[in-house]
1. Note the angle between two axes, namely the Cα long axis of helix 366-383 and the longest principal axis of the Cα atoms of the chain, as a number of degrees from 0 to 90, rounded to the nearest 10.
2. To make sure I understand, if each residue's beta carbon is the centre and we count other beta carbons within 10 Å, what order do Asp290, Asp141, Asp387 fall in, fewest to most?
3. Mind checking the full-extension length gain between Ala267 and Ser374? Use 0.36 nm per residue of separation minus the Cα-Cα distance, one decimal, nm.
4. Which order results if Val292, Val314 are arranged by neighbouring Cβ count within 10 Å, fewest first?
5. In degrees, nearest 10, range 0 to 90: what is the angle between the Cα axis of helix 132-142 and the longest Cα principal axis of the chain?
6. For the chain, what does -39500 (n - 2.57) per DSSP helix run (n ≥ 4), summed and divided by total residues, give at 222 nm, in deg cm²/dmol to the nearest 500?
7. Using a ≥ b ≥ c from the Cα gyration tensor of the stretch 209-383 (square roots of the eigenvalues), is it rounded, prolate or oblate, where a/c under 1.5 gives rounded and otherwise the larger of a/b and b/c decides, a/b for prolate?
8. I'd like the distance separating the alpha-carbon centroids of the stretch 164-185 and the stretch 199-275, in whole Å.
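Please treat every number below as a calculation from the coordinates, not as lab data. Every value quoted in this text rests on a predicted model; they were computed, and no experiment measured them. Cβ placement follows ideal geometry from the backbone for every residue including glycine, while neighbour counts extend to all protein chains displayed.
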Amino acid sequence: MRIAYFINQYPTASHSFIRREILALERRGFDIQRFALRRDSAKIVDAEDRAEMARTRYVLEQPRLRILFDTLREALRSPWKFTRVTWLAIRIGTRSDRGVLRHLAYVAEACLLARWLREARIDHLHAHFGTNSAAIAMFCDMLGAATYSFTVHGPEEFDKAEFIAIGEKIRRAKFVAAITSFCRSQLYRQVDAAEWGKIHLVHCGLDHKFFDADTGNDEDSETVFTCIGRLCEQKGQLLLLDAFRELVDSGTAAKLVLAGDGPMRGAIERRIADYGLQDLVQITGWIDGDRVRQLLRSSRVMVLPSFAEGLPVVLMEAMAMQKPVITTYIAGIPELVQDQVNGWLVPAGCSDSIARALHNALETPAAVYRQMGSAGRKLVERRHNVDIEAEKLAGLFGGAP
């Protein structure tokens with residue numbers, strides 16, 4: 001079976017789990033073709049991501065006349081199929097926040113992608129995220145190019161499930177992968193119980209680079225907290241700064257590293273300056289996988305006080321390196337993080353609770369800290385090994401390549 005992957009933007013720094021999944025399937029013998037709508041070269045700092053970029057074909061880098069020609073050709077090739085796709089796009093677009101014109105653009109993009117799929121003799125197309133990438137994959141299926149499936153992460157798909165027609169996409173798909181039980185339950189809400197059997201639990205996974213990484217603490221790591229993630233509202237970095245200032249004002253020696261970049265960088269830098277924390281808080285910008293592992297090794301705890309998530313892969317990465325984590329009990333996170341077993345869970349949106357957790361992490365005795373790290377490592381090894389999860393996907397695709 002010939003498989004292709006389709007993602008809105010690939011590769012990108014925050015979606016390394018997709019790269020790991022594709023490479024794990026290739027280790028099993030699959031020949032995976034990569035397609036994406038667009039690229040963002042500015043955010044690519046990892047050598048493996050640069051290699052993936054060279055292997056990916058991008059729809060929106062094609063001339064507009066080429067896309068128009070493929071659309072007209074598809075309309076002539078199978079007028080009935082093209083009409084059905086167009087009417088579905090209009091129906092979905094009428095209810096969507098993206099509008100009808102945007103969904104008609106998805107039809108045009110699907111026509112070009114359908115040609116690529118046929119030329120590559122692709123049997124099945126797998127998309128990540130239930131938004132526009134899943135819509136285009138669905139349209140390719142309706143045009144007769146390839147069957148499709150998609151992986152849902154959340155929370156965006158749940159926030160606007162009706163507007164992105166997630167139920168329609170599930171009903172037409174060969175199967176749907178959900179990254180957590182919570183995610184699967186939210187998809188159950190969007191379709192009749194008769195469709196539940198096609199929704200399967202497939203976790204995001206880690207490869208040997210995290211399981212084999214040196215987990216020994218670097219010098220001075222005992223008072224360093226690290227937060228890895230896009231600098232945006234839903235990750236909660238502003239509240240983390242409130243909590244960190246409270247910790248520092250209590251007389252506790254500590255440092256904080258914010259690894260990542262994003263639209264709220266300016267606001268975060270101003271908050272750091274307002275609090276006079278310039279000497280204690282560092283923002284790294286986008287970093288590659290080696291730097292992520294280095295930061296985790298040189299930290300006591302990974303902190304992620306998110307308001308909305310699917311299940312952050314960076315929590316798995318920290319726990320694989322035997323680092324306890326501080327995070328919020330939302331969505332699928334409690335399926336991974338167990339309070340005071342492998343980390344600390346706090347209410348989302350509560351800086352006081354974050355501050356108490358930071359203090360508790362520093363005061364935890366060494367023996368208990370090591371037990372927490374070991375417990376987290378064992379759970380991630382059991383549940384988030386990318387080769388095990390890729391085997392699940394291989395079975396859903398249809399078995400042997």
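1. 10 degrees
2. Numbers: Asp290 12, Asp141 22, Asp387 17.
Least to most surrounded, the residues fall as Asp290, Asp387, Asp141.
3. Values: separation 107, 0.36 × 107 = 38.52 nm, distance 3.65 nm.
Gain in length upon complete extension: 34.9 nm.
4. Details: Val292 25, Val314 22.
Ordered from fewest to most neighbouring Cβ atoms within 10 Å, Val292, Val314 come out as Val314, Val292.
5. That helix lies at roughly 30 degrees to the long axis.
6. Numbers: 17 runs with 189 residues, N = 401.
Helices in the chain give a 222 nm mean residue ellipticity of -14500 deg cm²/dmol.
7. Values: a/c = 1.37, a/b = 1.32, b/c = 1.03.
Cα axes put the stretch 209-383 in the rounded bin.
8. So the two Cα centres are separated by 31 Å.
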